Amino acid sequence: MFCEKSIELIRELQRISDGQLPAFNEDGIRQVLEEMKALYEQNQSDVNEAKGEGRSDLIPSIKLRHCCLLRNQRCVTAYLYDRLLRIRALRWEYGSVLPPNIRFHMCSEELQWFNQYKKSLANFMRSVGGEEGLDITQDMKPPKSLYIEVRCLKDHGEFEIDDGTIILLKKNSQHFLPRWKCEQLIRQGVLEHVMS
Amino acid sequence: MDSQSYLPVPPGVGMEENFLSLDDILLSHERLPSRTECLFPRLGFLEKSTDSQDIQEGTKMELPLWLAKGLYERKRRVVSIELPKVYREGWRTVFNADPTVVDLHKMGPYYYGLGSQMLHFDSPENPEIAQALLQTFIGRFRRTMDSSQNVYNEDTSALVDRLDCLERVLFKMGQRGLNSFQGWEKGRASHLTASTLVLNYRKRKMTDLQA
């Protein structure tokens, strides 16, 4: 049957439904596009024949192929769109710099899109909240205190806080830090929020 | 748990399909028993049982829902679609008797979705199908809701096993609500946690290394 390749693309995303980004399936997309090209050419010649020689019996087949074309189009669009949703989520979960193993899973157009998205978001954040702008990726949960107790889960190197002090984030060390400084590191799994 | 920033395109409601929803695309890939009502020239290779160049009139085929929907016309019969077994009279009485004992995952897994889609094809049984779907859902909903609200920190796989896709989504939502409520009660609502996405990535990286 037609359109088996395109449904494979969709299944690939559905298997990892928690929002992780699988590698861009360039080969799969190419195969779908090739199938579409073949379908289109076949249809074109059948349409000409149906018109020129009055063979209206060809019409059901033409319609069937046309349905397949539309179906392939839908699958590819949905595949690309769902990936964009995932990429957008990465900006919020990881911050503006993605780990290389994730960047590796994106195609060049997606990387470009991610950069554009980053820029739009940054522009927006600069435009709200007065002079300094407002980081809307901060304080996803309402803060209760300015400082929080955190423990390092892995070596992260040196880290500078507001007053210029530099602290060393070493595995298993515990610190009392400004909340807004470490929120992102917690989300990335470098620090752990310790509650007494 | 924490709010997820990845929200997939939700599936359509009722008879509508959502164009970009992955769930709906997989739903419309379900195969329906059907019969061709006219000749399809030059497509014989799609039907493995014959060597002929064309698909003959009256061939029985399993067509995916999307194709059946595309080819189906009220005025000109190109294909006729049969009801899948689970929506027929016999099964409907089973569902009527006790909807909670049926394993909808095995029957579906898109029992409700596919059932609603079947209403696109003119069939005299349509009102009964719609009624059966609704009654089945009503009959099972209470149990789904109850279990999703009361199972805390336990293995839910036995409960989820027999649920249809739609019910699974509802179950998951209930569980998320229960978990965040429990978190709030314990005063952990303001606890900052690592993103689940990040954690899952790390898990996968570990297995990648082991492989």
Given the options B:N126, B:N153, B:N179, state which has the largest fluctuation in a GNM of chain B using a 10 Å cut-off (strictly under) for Cα springs. B:N153
For region B:47-150, what is the accessible area per residue in Å², given a 1.4 Å probe and the full set of protein chains? 56
If one builds a Gaussian network model of chain B from Cα atoms under 10 Å apart, the most fluctuating residue listed among B:F45, B:F181, B:F19 is B:F45
Leaving out ligands, DNA and RNA, and with a 1.4 Å probe, what % of the accessible surface on region A:147-193 is carbon or sulfur? 49
Within chain A, longest stretch free of exposed trypsin sites (Lys or Arg not before Pro) [DSSP loop, at most 14 other beta carbons within 10 Å]: A:56-143
Identify the GluC sites (Glu not before Pro) of region A:90-196 meeting these criteria: DSSP loop state and at most 10 other C-beta atoms within 10 Å of the C-beta. A:E131, A:E132
So for the pair B:T50, A:M195, with labels modelled 7 Å out along Cα→Cβ, what separation do we get in nm? 6.9
Starting from the Cα of B:V94, step 7 Å along the direction of its Cβ; do the same at B:K172; then give the gap between the two resulting points in nm. 2.7
Using alpha-carbon coordinates alone, the radius of gyration and Dmax of region A:91-165 in Å work out to 15.9, 42
Average accessible area per residue (Å²) across chain A - probe 1.4 Å, nucleic acids and ligands excluded: 56
With angles folded into 0 to 90 degrees, how steeply does helix A:108-127 sit against the dominant principal axis of chain A? Use alpha carbons for both and round to 10. 50
Where the Cα pairs of chain B fall when distances are cut into 10 Å bins, in %: 7, 24, 28, 21, 13, 6, 1, 0
Cα-Cα pairs of chain A separated by more than 20 Å (percent): 70
How much FRET efficiency would the formula 1/(1 + (r/R0)^6) give for B:F19 and A:R11, where r is the Cβ-Cβ distance and R0 is 25 Å, rounded to 0.05? 0.90
Quick one: if the Förster radius is 60 Å, what FRET efficiency do B:H191 and B:R42 give, using the C-beta to C-beta distance and rounding to 0.05? 0.40
Pick from B:D103, B:D54, B:D24 the residue whose mean-square fluctuation is largest in a GNM of chain B, springs joining Cα atoms under 10 Å. B:D54
Compute the distance from the alpha-carbon center of region A:1-55 to that of region B:66-106, in whole Å. 27
Share of accessible surface on carbon and sulfur in chain B, whole %, 1.4 Å probe and ligands ignored, is 56
In debye to the nearest 20, how big a dipole does region B:1-63 give about its Cα centre with +1 on each Lys and Arg Cβ and -1 on each Asp and Glu Cβ? 240
So, R0 is 30 Å and r is the distance between the beta-carbons of A:Y40 and A:L85; what FRET efficiency does that work out to, to 0.05? 0.55
Tilt, helix B:165-185 to longest principal axis of chain B (alpha-carbon atoms), in degrees rounded to tens, equals 10
Looking at this model, which pairs from A:K141/B:K172; A:K63/B:K85; A:K5/A:K37 are more than 18 angstrom apart at the alpha-carbon? A:K141/B:K172; A:K63/B:K85
Compute the normalised compactness of the protein assembly as shown: alpha-carbon radius of gyration over 2.2 N^0.38 Å, N being the residue count. 1.24
Between A:E160 and A:N115, what is 0.36 nm times their sequence separation minus the Cα-Cα distance? Round to one decimal in nm. 13.6 nm
Just the Kirkwood number for region A:147-193, please: inverse of mean 1/r across all distinct Cα pairs, in Å, one decimal. 10.3
Mind checking the angle between helix B:196-210 and chain B's longest principal axis? C-alpha axes, 0 to 90 degrees, to the nearest 10. 80
Area accessible to solvent at A:M1, 1.4 Å probe radius, in Å²: 60
Could you run the numbers on buried accessible area between B and A, total for both chains, 1.4 angstrom probe, in Å² to the nearest 100? 5100
In nanometres, what is the gap between the two model label sites at B:W184 and A:K51, each 7 Å from Cα along Cα-to-Cβ? 6.4
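The values are calculated or read from the model by the stated rules, or taken from the named source; none is laboratory data. Computed from a predicted structure; not experimentally measured. Quick reminder, even Gly has a Cβ in these numbers, built from the backbone with ideal geometry, and neighbours come from all protein chains shown. Accessible surface areas use protein heavy atoms only, side chains included; no ligands, DNA or RNA. Shrake-Rupley method; radii C 1.70, N 1.55, O 1.52, S 1.80 Å.
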